[in-house]
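In what follows, a single structure is set out as structure tokens and then discussed.
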Amino acid sequence: MISHGGDEKGEGAIQTAQDLHPVITELEPEELKSEYSLEAFNFQTTAELSHQDEHMIGQERAIKAMDFGLQIKRDGYNLFVSGLPGTGRNSRILKAVRKIAATEPVPDDICYLHNFERPDESRPVKLRAGQGCDFKEDMESFVKSVKHNVGKAFESEEYEKHRMSLMERFEKEKERLNEDLDKFADEQNLVIKKALSGILVVPLIKNHEISEKEYEHLDDQEKTLIKRRQDEVYGKIYALSSELKKIESGLKQNLEELDKQVALACIQSLVEALRKKYDEYPFIKDYLENIKKDILENLEAFKKDPGQASALGNIMSLSQEDIFVKYQVNVLVDNQKMKGAPVVIEDNPTYYNLVGRIEHKTRFGFLMTDFSLIKPGAVHKANGGYLVLQANELFRDYFAWDALKNILKRKKVKIENIAEHYGFLPTAGLKPDPVEVDLKVILIGSPLVYYILQLYDEDFSNIFKVRVDFDTMLEKDDHLVLMFIKFLSKECMKEGLLPLNKPAVGRIINMGSRLAADQRKMTARLSDLVDLARESDFWARRESAKFIDERHVDKAIEEKIYRSNRVQQKIQEMLTDGTLVVETGGEKVGQVNGLSVLNMGDYTFGTPSRITARTYVGRGHIVNIEREIQMSGRIHSKGVMIMAGFLGHKFAQDKPLTVAASICFEQTYEEVEGDSASSAEVYCLLSSLGDIPLKQSFAVTGSVDQLGTVQAVGGINEKIEGFFDLCRLKGLDGQGVLIPQTNVKNLMLKEEVVESVRRREFHIYPVRTINEGIALLTGLEPGEADDQGRYPPESVYGRVDAQLRRYAEIAAKQDKEA
């Protein structure tokens, strides 16, 4: 995009006698750039200087906002650090955060424990810093001791003696019942036998078991008697079976009770030791009680030999290792080595990296999880401290911003599946209870991101109440310059660069003012100046120099431009060979040289363009050709409309403005934006209306208001140098540029332009009003209206007014004839 606009605007001016009879003095070479004097600083090279301390260079507003935001401990007072990259926003905020964090208390450890009442909802707990790992180790030791002690107790002779005693009592009772049954059957001349089909009661005759044939030969009375006796024995058998079940049940209960007593004797002292050690935590007391109950209910796991389990058994049940997982402690955040509050920098703030995740493991082809696989997010790690995020990275993840807002509003972080969180089909699995958190978030981004969030996110202003705004420019006073020189010395030492001598430092400071486009200031993007020192170091080492001097800095600047100015050179070639028509001499009616700025991303340069205007009878409509074909930006279109207001105010007080005009940026093939060409367009229109030629040896820039005041524009140095380069290629012969008076403070021109001005080969004129500019371009007086609103006939405005009156008469005649 071609840019004609700027971000600097001049103040309105009242028309004076000097405006009506302007005397314009061109700028002297000393006014074209600011050479900061380093005579007051006593050093030859930066190696002699002490390094810059931790204080920030400039940025007083940002410093105060940082101090306030970091020290106020209230909900919602999180920080948004706005500023351009390279202004020190990252390094400075981190230094400030780490400094204050070091004075604050270390936060508690965060652990997850198994929830015995609701196994799917793991329970988060907090312990003093360092006790999380202690508790984890203590529980691991506890489980090992329980396994060893319980296993050893179940293998002891005493346990076996008690167990065998219970078993013998059971066998004796069982034997007694069987004997009573056999005796009863014998008294009934029956014998009890076991068969494949079950228990049989067989009749006896003379102590002899009768066969079925013998039974068939018995009379009915004998058969009836035998049947009655058999039924009585079967009844006794059923009663015995019930009695045996009761006895077996009692045996089982006695054995279980024995196991529990043995196990309890093994673990009670271990539980009590842990309970005593952590008696300040009531939840640990309850937790240990639940563990004790669970161990007593699952004693088989402590007695089972895993080598005896079948493959099918391993698939259908948890392994012995999995059974003991519930007794583990998942230390989510361990702060035992922390000194002060944590400062967490999350470079990849995705949803899961912020809030944590639940991992899974495969076992026999299935995905499985438990509370030990809960992993922390950056929010957990920053609890009790500070979380630093980059806004551009945060907004790459669609869900991360909403998650962060919810955490800051509710002061809780819940680890959950992202699909379920946003209303998709929930899946069965672990759902850990949320963790209460208290942290301060520092979000670093551009001013544009800040403004968008303020306008369109209703929660933003409530949770990010402090803005730390880094300026793009710094006031260039002695104190700041000294701090910058020490900063440069420190960077050279840190990176092993050659020291810079005093002239080289001066060149870099001047480049800082050039980047700021202000003689009184320098850029706050110090990283750009450090890059210049690095590149200067490269060229100095190529010469085997012992230090960096101004030649190496100039070489670095020249080479940097050369790497990026291919497009600029192509345009200059087309301007020189006539492919693009821009004249640098002679005079033309309705034509003026405008100045544009092209931004290639890493390189910005100026280039002249030919602006033409044609006028004819019409109804006061000025046609902006670029706007008509949608190649004009809004600001440029606004400038054209302001220009129409200026003409109307100047010439349509006693007659209608019956003129039509077309304005065009010739040979422009991309969008035109900005209002810095509006003064050139006014000159062009006045030239066409008055049939007055304009000097083509001048190029013009500056916006204009409806009162005719020429206002400041951006890119002033690039614009001047763009026209200078063309004139140099075609031959310098007294050409020049008209710039707004209010832009003089922004001049930081390269040395070859300054030298050409010193030799009077090139001229730069500051103008305050359209009157001053048109006088320079035409060599005529602009003219002053008398009491009747008439201008001197030979003045610029007199000629324009006369033409407009002719247009008005023609239009009136056409209206009458119509």
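The values are calculated or read from the model by the stated rules, or taken from the named source; none is laboratory data. Because the structure is predicted, anything quoted here is derived from the model rather than measured. Cβ atoms come from the backbone with ideal geometry, glycine included; neighbour counts cover every protein chain shown. With ligands, DNA and RNA removed, areas are computed over all heavy atoms of the protein, side chains included. Shrake-Rupley method; radii C 1.70, N 1.55, O 1.52, S 1.80 Å.
Within region 345-368, the set of residues being open to solvent by 60 Å² or more (accessible area, probe 1.4 Å) and β-branched (Val, Ile, Thr) comprises ILE345, THR362.
Does at least one position in region 754-762 carry a residue that is under 29 Å from SER795 (Cβ atoms), open to solvent by less than 60 Å² (accessible area, probe 1.4 Å), hydroxyl-bearing (Ser, Thr, Tyr) and not in a loop (DSSP other than H, G, I, E, B)? Checking region 754-762: not a single residue is under 29 Å from SER795 (Cβ atoms), open to solvent by less than 60 Å² (accessible area, probe 1.4 Å), hydroxyl-bearing (Ser, Thr, Tyr) and not in a loop (DSSP other than H, G, I, E, B). GLY88 meets the conditions (1) open to solvent by 40 Å² or more (accessible area, probe 1.4 Å); (2) small (Gly, Ala, Ser); (3) within 25 Å of the chain's Cα centre (by Cα) in every case but one. The failed one is (1).
Yes or no: region 472-494 includes at least one residue that is touching a helix residue (DSSP H, G or I) at 6+ places or on another chain (Cβ under 7 Å), open to solvent by 30 Å² or more (accessible area, probe 1.4 Å), at pLDDT 90 or above and farther than 18 Å from GLY76 by Cα. There is at least one residue in region 472-494 that is touching a helix residue (DSSP H, G or I) at 6+ places or on another chain (Cβ under 7 Å), open to solvent by 30 Å² or more (accessible area, probe 1.4 Å), at pLDDT 90 or above and farther than 18 Å from GLY76 by Cα. Just to be sure before I move on: is ARG758 basic (Lys, Arg), within 27 Å of ASN717 (Cβ to Cβ) and out of contact with any Ser or Thr (no Cβ under 8 Å at 6 or more places or on another chain) in the structure I sent? Criteria met by ARG758.
Would you be able to say whether some residue in region 726-743 is of a type in the set (Ser, Thr, Tyr) and open to solvent by less than 20 Å² (accessible area, probe 1.4 Å)? So far as region 726-743 goes, no, none of its residues is of a type in the set (Ser, Thr, Tyr) and open to solvent by less than 20 Å² (accessible area, probe 1.4 Å). Of the residues examined, GLY132 is not one that is in contact (Cβ under 8 Å) with a residue 12 or more places away in the chain and at positive phi.
A Cβ distance below 8 Å, combined with a sequence gap of six or more or placement on separate chains, defines the contacts here; from region 76-102, residues that are free of Cβ contacts under 8 Å to residues at least 40 places away in the same chain reach no residue that is small (Gly, Ala, Ser) and assigned to a strand (DSSP E or B).
Here is a check on your reading of the model: is ILE57 β-branched (Val, Ile, Thr), at pLDDT 90 or above and farther than 30 Å from VAL737 by Cα?
Against the criterion (β-branched (Val, Ile, Thr), at pLDDT 90 or above and farther than 30 Å from VAL737 by Cα), ILE57 does not qualify.
Among LYS246, LYS260, which is without any contact (Cβ under 8 Å) to a residue 24 or more places away in the chain and either open to solvent by less than 30 Å² (accessible area, probe 1.4 Å) or in a helix (DSSP H, G or I) (or both)? Answer to the check: LYS246. Contact map, region 407-419: first residue open to solvent by less than 40 Å² (accessible area, probe 1.4 Å), second residue among the polar types (S, T, N, Q) and assigned to a loop (DSSP other than H, G, I, E, B), Cβ cut-off under 7 Å, separation 6 or more or different chains; pairs are LEU408/ASN78.
Could we say that LYS144 is assigned to a helix (DSSP H, G or I) and open to solvent by 90 Å² or more (accessible area, probe 1.4 Å) here? Answer is yes for this residue.
When VAL191, VAL202, VAL262, VAL271 are checked against the criterion of being β-branched (Val, Ile, Thr), out of contact with any His (no Cβ under 9 Å at 6 or more places or on another chain) and within 30 Å of VAL150 (Cβ to Cβ), a single residue qualifies: VAL271. Can you find even one residue in region 592-603 that is outside any helix (DSSP H, G or I), closer than 23 Å to LEU749 by Cβ and of a type in the set (Asp, Glu)? So far as region 592-603 goes, yes, one or more of its residues are outside any helix (DSSP H, G or I), closer than 23 Å to LEU749 by Cβ and of a type in the set (Asp, Glu). Considering the conditions (1) farther than 20 Å from GLU35 by Cα; (2) at pLDDT 95 or above, VAL744 is excluded by exactly one of them, (1). When LEU455 is tested against (1) surrounded by fewer than 18 Cβ atoms within 10 Å (Cβ to Cβ); (2) under 21 Å from GLU346 (Cβ atoms), only condition (2) is not met.
Annotation note: Cβ proximity below 7 Å between a residue of region 376-392 that is over 14 Å from VAL333 (Cα atoms) and open to solvent by less than 10 Å² (accessible area, probe 1.4 Å) and a residue that is part of a strand (DSSP E or B) and charged (D, E, K, R) (sequence gap 6+ or interchain) occurs for TYR386/LYS440; LEU387/GLU346; LEU389/GLU346. Test GLY606 against the stated conditions and say whether it is outside any strand (DSSP E or B), within 23 Å of TYR683 (Cα to Cα) and either at pLDDT 95 or above or out of contact with any Pro (no Cβ under 9 Å at 6 or more places or on another chain) (or both). Spelling it out, it is not the case that GLY606 is outside any strand (DSSP E or B), within 23 Å of TYR683 (Cα to Cα) and either at pLDDT 95 or above or out of contact with any Pro (no Cβ under 9 Å at 6 or more places or on another chain) (or both). Here is a check on your reading of the model: is ASP186 assigned to a helix (DSSP H, G or I) and over 60 Å from the mean Cα position of the chain (by Cα)? Yes.
Across region 567-586, the number of residues qualifying as assigned to a loop (DSSP other than H, G, I, E, B), touching a residue at least 24 places away in the same chain (Cβ under 8 Å) and among the polar types (S, T, N, Q) comes to 1. Just to be sure before I move on: is GLU784 over 28 Å from ALA661 (Cα atoms) and charged (D, E, K, R) in the structure I sent? Spelling it out, it is not the case that GLU784 is over 28 Å from ALA661 (Cα atoms) and charged (D, E, K, R).
Residues of region 295-354 that are among the small types (Gly, Ala, Ser), more than 17 Å from HIS148 (Cβ to Cβ) and modelled with pLDDT of 75 or more: GLY340, ALA341. One residue alone among ALA96, ALA101 is more than 16 Å from TYR278 (Cα to Cα), crowded, with 18+ Cβ neighbours inside 10 Å, touching a Phe, Trp or Tyr at 6+ places or on another chain (Cβ under 7 Å) and of a type outside the set (Phe, Trp, Tyr), and that residue is ALA101. Step by step: first the residues of region 750-784, then only those that are out of contact with any Gly (no Cβ under 7 Å at 6 or more places or on another chain) and of a type in the set (Val, Ile, Thr), then the one that is nearest to GLN519 (Cα to Cα). Which residue is that? Once the filter is applied, the top-ranked residue is VAL754.
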